[in-house]
Each structure stands twice: as structure tokens, then as C-alpha cells.
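What follows is one structure encoded as C-alpha cells, with my remarks underneath.
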Amino acid sequence: MQKRTHLVGEAFLVAPETQVTLMGWVERQRDLGSLVFFRLRDRWGSLQVRVNESENPGAHAIARKLRAEFVVSVTGVIKLRPEDERKDEPGGDRELVPEGIEILGESKTPPFYITDETPSDDVLRMQYRYLDLRRPPMVRIMEIRHRAFFELRRYLDSLGFWEIETPILTKSTPEGARDYLVPSRIQPGKFYALPQSPQLLKQTLMIAGTDRYFQLSRCFRDEDLRADRQPEFTQLDLEMSFVTRDELFEVGEGSMAHIFKETLGVEVKRPFPVYTYDEVMSRFGADKPDIRYGCEIHDFSDAFAKTEFRIFAKVLDAGGAVKGIFVPEVKPSRKEEDELDAFVRKRGGGGVALLRVQDGEPTGALAKFVDAERLESMREIAGETGDGTFMLMAGEPISLLPVLGQLRVHISEAFSVPKAEGFHFCWVVDFPLYEPDEETGEPVPMHHAFTSPLEEDIPLLESDPLKVRADSYDLVLNGVELGSGSLRVFEPELQRRILRNLGMTDDEITARFGFLLRAYEYGGPPHRGFALGLDRIIALMVGTSSIRDVIAFPKTTRAQCPLTGAPSDVSGDQLAELGLKTSDDD
Ligand code: ASP
């Protein structure tokens, strides 16, 4: 084999008549008889190769044999293409005229073309991932991922952070999902858990005096998967001692701004706005608000005081509310109105009433209940004066909000509501410490059990736990939650109280978390941190809706790897060695 002299991308830049040896994959071979063209592709680009039988019969004979995805070495001279054949793309002004072509590896006909077009069969893409990863859009994604990770490390290092690895074989770290367990051979009947996050160990590092820790850490959660979840994923996991919330936010914002700048050349707007949980729930009906557009939720109860519209009057008399959103410019048809009504009913709402405003006048069924004065008061509440549609719901205030929140997102897509361009981050703070369990109604941590309550709410811990707010926060980008963090509980007794509220006995607390509580008895500093989902951040950066696209070897929603076939059977001997039996053995 010859020595490679240039990458294909480098050959775009050399002077014409330079002698080069390039290596890569063949695409689009076109056999025109005495003339054969193909493109030679590597990670850096692709270049036309022109082989003329009369100039080089040997190379021509080989070129005729080439098929898509053959691996070749081509030695020759870079020539400028005839003026009228030049293309306006990198390397489009030139071609390689070979002196010799060597086939280094042959390829079967690939199951899909290696082009910019994404093959429609996702499982096939994962099964032949090495082919999918050759496609230029995937090369770009992998490059952006690499660059973002590299730049994160560089940025955090410059602030004095250390990257410290925590074990993969560890003890359960509850984050609200099921653990992946690994049996111990040496201690039969005992299991390691794969970390749902490095949470407890990063806390331990703060007790160890590390002060500033981060890790691009792999986390494992055995959950039922949706398209945007993977059983293993990568987080920017970070923890700092002796800092205020604002100081931590500075690092979070700085990290995001740095990687968006260095990988995409995009300046993100800072500081990121900060909203409380209560505020975003009442304004956006969601804890991950998309702040790129308005259509916020307003309370129109006052505007409907003494209304003759029976449905609203009944709800208001019973102490309920009329809430809704105003969508400028949009006027849904009757059919669309029925669809919106079905949409909210499916999500637990009692229905939606529309009031369209056309040329300043209310129209539609609700219009006869809305005179000029009421309309004026509705407009004042919404802060809108133009035409458009009020979408209104009546009921118990708390239960209206999440439905209106979903309606807000739905109409923004269904009616293409204009959104601000680019990347819009915000923080949401002061979440409830606990939420009621869906089945039992008992308190379960909204974030995780190591999150500190707001100091002023600590007295409510036992008497009214669901009222306690946490010193916690989420980072949200364009309506997508990137991750969460909090001030940690660094006093062992407070930690015990929080865990007792989850129904744990003191013995259970000691068995599961004794190691952590003991560590805090030896001088635990106040510390806080967060973890941000990097797969999701990269997906937003590159504009794909699936995190699978940004993971080199992802799994299906059945948690399978179509490439390797994992998970797979193991031999009886392996099971015996681990002291395990499967239910099939019984
Ligand atoms: N460990 C948490 C998580 O993975 C984040 C944090 O509190 O730092 O969601």
C-alpha cells in the first residue's frame, strides 16, 4: 500500500498539478465506456476522479471494476476541471486524474445509499451503523459532538474544574428510574447497580474538598423508552462547593455560551431569564416553557364576571376560573375548532371555547356573550389589540393550566405561530420538593432525594411536605428540558428527615445511604450542582428531533442494539459462575 499524502479535504486546497495519494470510499461510479468517473470520499469530503482509457488503460481497467463503497487508494495529479464543469462546492473546481488505483477493500451492495438523505428505516440505519455514520450529515453531527465535548472540557478546566471519573459498577443512585444490575461473581447473590447518575459520588467529592468537579458521565436508567430516551446517555455532571445559585448559573450559562460559540459560531443571549416554577406554570402551563413565542396563559375570569354564557357562569359561581390564550392572526375553521376541542378533552380538559376577533369585532358562537366592554377587558388582560382568537377554558384553576400549556404548544405548531430564531435558554427555579405519587398520593421527590428545601420552607417538612419548595432548578432550551440541579442537603439530620418523608425507616436509610450520611459527619461543605443531558443539547444544536441521531451506537425503543444484537443470551456456564438461574431453568 502507498503512503497517503493528503486527506480529501486537504486536496481541495493544494495547487493544481500537485501529485497526491488519496484514500477512501468510492461513490457514484459512472462508466461511460472509455471514460470512467467516480467520487472518492473520506471524512473530510469527496472529490471527483476522472479516468480516461487512452491516458491510462491500467487505471481505467480497475476503475471499471469499482462499485459503491469499495475502499481504494488513488495516486495521481490534481487538475483543474474545465471551466464549464466546475461546481460551486468545496473541491468542485478540481478533479483527480489517476496514475494508479489500488483496491484496498471490496464492498457488498450497501442496503442504502451513502447520501445526505436519511434512510427511512431507522432500525436498518442502526444495524448498518458503520454505513450510516459515513453519510455526510452524520459525519457533521459526530464532529459537532466531539467539538462540543472537547470545548466543554477546555472551558471548565479554565475555571479550575477537575474531571474525575466515578465508578460504573456502583451502588444504586436513585433518580426515579429502575436500576440496571450487574451480578457479582465473587460475592454470589450480590449486585452492583449501574449509576443512574454520579449524584452521591459527586457529593462525596465535595466532602473530599474537590470544590469544582465535572464529568462527561455516562448514566444508565432502565425506563420504558420513548424516541428521545436511551437506556444509557451522557450528561455534563457538575458540582461546586461554597457558591451561591447565581455563581453556579454563571458557570452553566458560560458553558452553554462557550460551546454554542465554538461549535456553531452562535452567540446565545445572556443572562438566561430566571422564572419560578409557580410563574411558569401559571404563564406557560408547563415547567419547560418555550419562550420563543407569546400566547401566554391569562386569567379572564374578571372579564366574564356576570356573564350570561351559562358554562362560564356556573364555573365562576363555584369558585373556578376562566383561563385561556390569545393567538394573534390565527382564525381556526369550524373543523379546526372541533379538533382543538378534542385535543383538550383528550388531555383531561372540559372543552375549549373560541372567540375569534375579526376587524376588531368578536365573531362566532361566543360573540353574542361578548360586548364591546367585555372584549376591551379581555384585550387588556391579554395585552393584545389586534385580530386573532381567544381560546378559553373554564374549570378549577390548577387543573386548567397543564391542559392550556399543551394547547399552547400544539397551536404553535398546528398554526405555525412565528417563533424567535435561534436558541433561547431559561432557568426555572424553586420547584416543589415533593410531588404526590400518581398511584398512592404519597410524597415522592420531584427532583431527587438529596435536594435541599428552601430554608424558609424547612419547618413545613413534616406538617405539609407537598407545600415545601426546593432550592432546585432546571435549564430549558426552546421548550426542551436540558437538565436539573439543586443545592444539596449537607446536614445529615435534615437528609434523614427528607428520606423519612418518603416512607423509609431509619434502618433502611442507614442501609442505603449510611455511607453518604457518615461522610457528611466529617465536614460537608454547602454545595450545589447540576447535570445537563448532552445528547439532547447536541440534538438541538444540529436540529434533529431524535437523540439517536447524535449517539454513535444507539439502541431501539426496545433497548436493543441492532448492530451487535445486545442484549443476548449467555451460556449456562456463565450463569452458573454467577450463581444465577433464569426463569426458563425452572
Ligand atoms: N443527578 C441529577 C440528575 O442526573 C442532576 C443533579 O442534581 O445534579 O438529574
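The values are calculated or read from the model by the stated rules, or taken from the named source; none is laboratory data. Values in this document were obtained by computation on a predicted structure and should not be read as measured data. Please note: Cβ atoms are built from the backbone with ideal geometry, for glycine as well, and neighbour counts cover all protein chains shown. These area figures cover heavy atoms from the full protein model, side chains too; ligands, DNA and RNA do not enter into them. Shrake-Rupley method; radii C 1.70, N 1.55, O 1.52, S 1.80 Å.
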Number of the condition not met by Met446 [criteria: (1) over 23 Å from Tyr277 (Cα atoms); (2) within 16 Å of the ligand (Cβ to nearest atom)]: (1)
Hits in segment 16-66 (condition: free of Cβ contacts under 8 Å to residues at least 24 places away in the same chain and either open to solvent by 60 Å² or more (accessible area, probe 1.4 Å) or hydrophobic (A, V, I, L, M, F, W, C) (or both)): Arg30, Leu32, Leu35, Phe37, Glu53, Ser54, Pro57, Ala61
May I ask you to list pairs of residues, at least six apart or on different chains, whose Cβ atoms are under 7 Å apart, with the first in segment 224-247 being away from the ligand (no atom under 16 Å from the Cβ) and the second being of a type outside the set (S, T, N, Q)? Leu225/Pro231; Leu225/Ala559; Phe242/Pro525; Phe242/Pro526
Tell me which residues, restricted to segment 379-402, are over 17 Å from Pro332 (Cβ atoms) and of a type outside the set (Gly, Ala, Ser). Arg379, Glu380, Ile381, Thr385, Glu396, Pro397, Ile398, Leu400, Leu401, Pro402
Would you mention how many residues in segment 117-131 are in contact (Cβ under 8 Å) with a residue 40 or more places away in the chain and acidic (Asp, Glu)? 1
So is Val429 of a type in the set (Val, Ile, Thr), more than 11 Å from the ligand (Cβ to nearest atom) and in contact with a Phe, Trp or Tyr (Cβ under 6 Å, 6 or more places away or on another chain) or not? yes
Kindly indicate whether Tyr155 is within 15 Å of the ligand (Cβ to nearest atom) and either open to solvent by less than 70 Å² (accessible area, probe 1.4 Å) or small (Gly, Ala, Ser) (or both). no
Which of (1) out of contact with any Asp or Glu (no Cβ under 9 Å at 6 or more places or on another chain); (2) within 16 Å of the ligand (Cβ to nearest atom); (3) charged (D, E, K, R) is the odd one out, the single condition Asp471 does not satisfy? (1)
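In this structure, is Val417 part of a strand (DSSP E or B) and more than 27 Å from Asp246 (Cβ to Cβ)?
Judged against the criteria, Val417 is not a match.
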Residue satisfying condition, being of a type outside the set (A, V, I, L, M), modelled with pLDDT under 95, more than 16 Å from the ligand (Cβ to nearest atom) and on the phi < 0 side of the Ramachandran plot, within set Thr276, Thr307: Thr307
Select from segment 484-522 the residues that are polar (S, T, N, Q) and in a helix (DSSP H, G or I) and write down the one among them that is surrounded by the most Cβ atoms within 10 Å (Cβ to Cβ). Gln495
Which of the residues belonging to segment 529-545 are within 16 Å of the ligand (Cβ to nearest atom) and aliphatic (A, V, I, L, M)? Ala531, Leu532, Leu534, Ile537
